[in-house]
Amino acid sequence: MIRPRKAVERLQKYRPPLEGRAGKLRLDFNENTVGCAPGVVRALRRALNPDWLSRYPEYEEGRAALAEYFGVSKDEMLISNGVDDAIKLICDTFVDPARWVALANPNNPTGTMIPKGDLRAILEAAPRTLVLVDEAYFDFSGSTVLSWINKFPNLAVSRTFSKAFGLAGLRIGFLFANRELLGLLRRAHAVFAVNSLAVACALEAIQHEDYVRRYAKMVQTNRALLCRRLDRIGVTYAPSAANFVFIRVGSKAPEIARRLREQDILVRDWSYDPHLKGYLRITIGTGAQTRRLTEEFERTQHLIERRDGARAWRDLMTYSPTGYFA
Ligand SMILES: Cc1ncc(COP(=O)(O)O)c(C=O)c1O
């Protein structure tokens, strides 16, 4: 057999998302639960024509508009095929064993924030290591270090339109860094990594910022609603700045997730991870979706193990995530 690189041999197999999620209340992968702005779908229909489809994608104009939206210069941003692609690109460009730091902020699966002082300390302590701050959930947290890319030559920041913007299926993300770093990354990037329909939709999506802001605000309100319900029934959860809440239900987590699934509600059970046995992650959606979730969740109350909050919280804080995807 042809042997892959050692790093690939050592990789754990990723457990892919379950298939067959259509038509269910999908609170398992932190997607937008109502869909993108209708204008984006109209833009997609306009782009679906033989002329557009027969041509290779063109990026320059779109990159200028998108960079302006993010408040950076064109040379400080590249469009990627989702953050996944941006991460692979960083690895291709810079990474030998132990040569980079990746921090999701807000973190997944906890939803917690790394304080800016700590981020600064990490960037200063590792000046020769590329540090990625992945801001996939920025639209919900409102906290960013994007403006630091010109202060720290080792900083890269990523964003995605898979979450608040509701475009996970299209695969569109962004990587930011100072122009020297970005120039090196661009050299290693596949020339046509992002398809032209995704670019057309991204350009339309930024015209509907209000839609995204309203969605994010609604999520914040419903996140507070869910947390109040969790407080009432004594379930421990991590304070989240993202569109999900990470909760501890104990050893019956798989059973609780299964019962919810029987009601067509999908939540993410982390029990396959030895560090996170007993935890569920629940995506926040509309008020009606959150009420439906809580009603069904409360029916499983007899299965929930309540623990001293401080102890459960310590467990969470000592867990250091090694992978965060979906
Ligand atoms: C922190 C974080 N970054 C990136 C991603 C994936 O982003 P994309 O869909 O742009 O690849 C996820 C998906 O869940 C995530 O949680």
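Numbers at a glance
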quantity: Total residues in the stretch 112-164, condition within 22 Å of Ile206 (Cβ to Cβ) and among the small types (Gly, Ala, Ser); calculated: 9
quantity: Top-ranked residue in the stretch 59-79 [being touching a Leu at 6+ places or on another chain (Cβ under 7 Å) and more than 18 Å from Ile149 (Cα to Cα); ranked as modelled with the lowest pLDDT]; calculated: Gly62
quantity: Failed condition for Gly82, given (1) at pLDDT below 95; (2) within 15 Å of the ligand (Cβ to nearest atom); calculated: (1)
quantity: Selection count where residues are crowded, with 21+ Cβ neighbours inside 10 Å and over 20 Å from Ala22 (Cα atoms), scope the stretch 279-303; calculated: 3
quantity: Those residues of the stretch 101-111 which are touching a helix residue (DSSP H, G or I) at 6+ places or on another chain (Cβ under 8 Å) and either away from the ligand (no atom under 15 Å from the Cβ) or under 25 Å from Ile284 (Cβ atoms) (or both), in sequence order; calculated: Ala102, Leu103, Asn105, Pro106, Thr110
quantity: From Phe165, Phe174, residue being assigned to a loop (DSSP other than H, G, I, E, B) and either under 18 Å from the mean Cα position of the chain (by Cα) or farther than 22 Å from Gly111 by Cα (or both); calculated: Phe165
quantity: Test: residue in the stretch 25-39 that is in contact with a strand residue (DSSP E or B) (Cβ under 7 Å, 6 or more places away or on another chain), touching a residue at least 24 places away in the same chain (Cβ under 8 Å) and hydroxyl-bearing (Ser, Thr, Tyr); calculated: yes
quantity: Residue within the stretch 285-308 that is modelled with pLDDT of 95 or more, within 16 Å of the ligand (Cβ to nearest atom) and not assigned by TED's automatic domain parsing to the domain that holds Phe140 present; calculated: yes
quantity: Some residue of the stretch 87-98 being within 16 Å of the ligand (Cβ to nearest atom), buried (at least 16 other Cβ atoms within 10 Å of the Cβ), under 13 Å from the mean Cα position of the chain (by Cα) and in the same structural domain as Ala168 (by TED's automatic domain parsing); calculated: yes
quantity: Pick from the stretch 13-24, criterion in contact (Cβ under 8 Å) with a residue 40 or more places away in the chain and within 20 Å of the chain's Cα centre (by Cα), ranking: nearest to Gln207 (Cα to Cα); calculated: Arg21
quantity: Verdict on Ala86 being in a helix (DSSP H, G or I), in contact with a Ser or Thr (Cβ under 6 Å, 6 or more places away or on another chain) and within 24 Å of Ala164 (Cβ to Cβ); calculated: yes
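Every residue, every condition in (1) in contact (Cβ under 8 Å) with a residue 12 or more places away in the chain; (2) surrounded by fewer than 22 Cβ atoms within 10 Å (Cβ to Cβ); (3) within 12 Å of the ligand (Cβ to nearest atom), yes or no:
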{"residue": "Thr160", "(1), (2), (3)": "yes, no, yes"}
{"residue": "Ala164", "(1), (2), (3)": "yes, no, yes"}
{"residue": "Leu167", "(1), (2), (3)": "yes, no, yes"}
{"residue": "Leu170", "(1), (2), (3)": "yes, no, yes"}
{"residue": "Phe176", "(1), (2), (3)": "yes, no, no"}
{"residue": "Leu184", "(1), (2), (3)": "yes, yes, no"}
{"residue": "Phe192", "(1), (2), (3)": "yes, yes, no"}
{"residue": "Asn195", "(1), (2), (3)": "yes, yes, no"}
{"residue": "Ala200", "(1), (2), (3)": "yes, yes, no"}
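The values are calculated or read from the model by the stated rules, or taken from the named source; none is laboratory data. For clarity, every value in this text was computed on a predicted model and none was experimentally measured. Don't worry about glycine lacking a Cβ; one is built from the backbone with ideal geometry, like all the others, and counts go over all protein chains shown.
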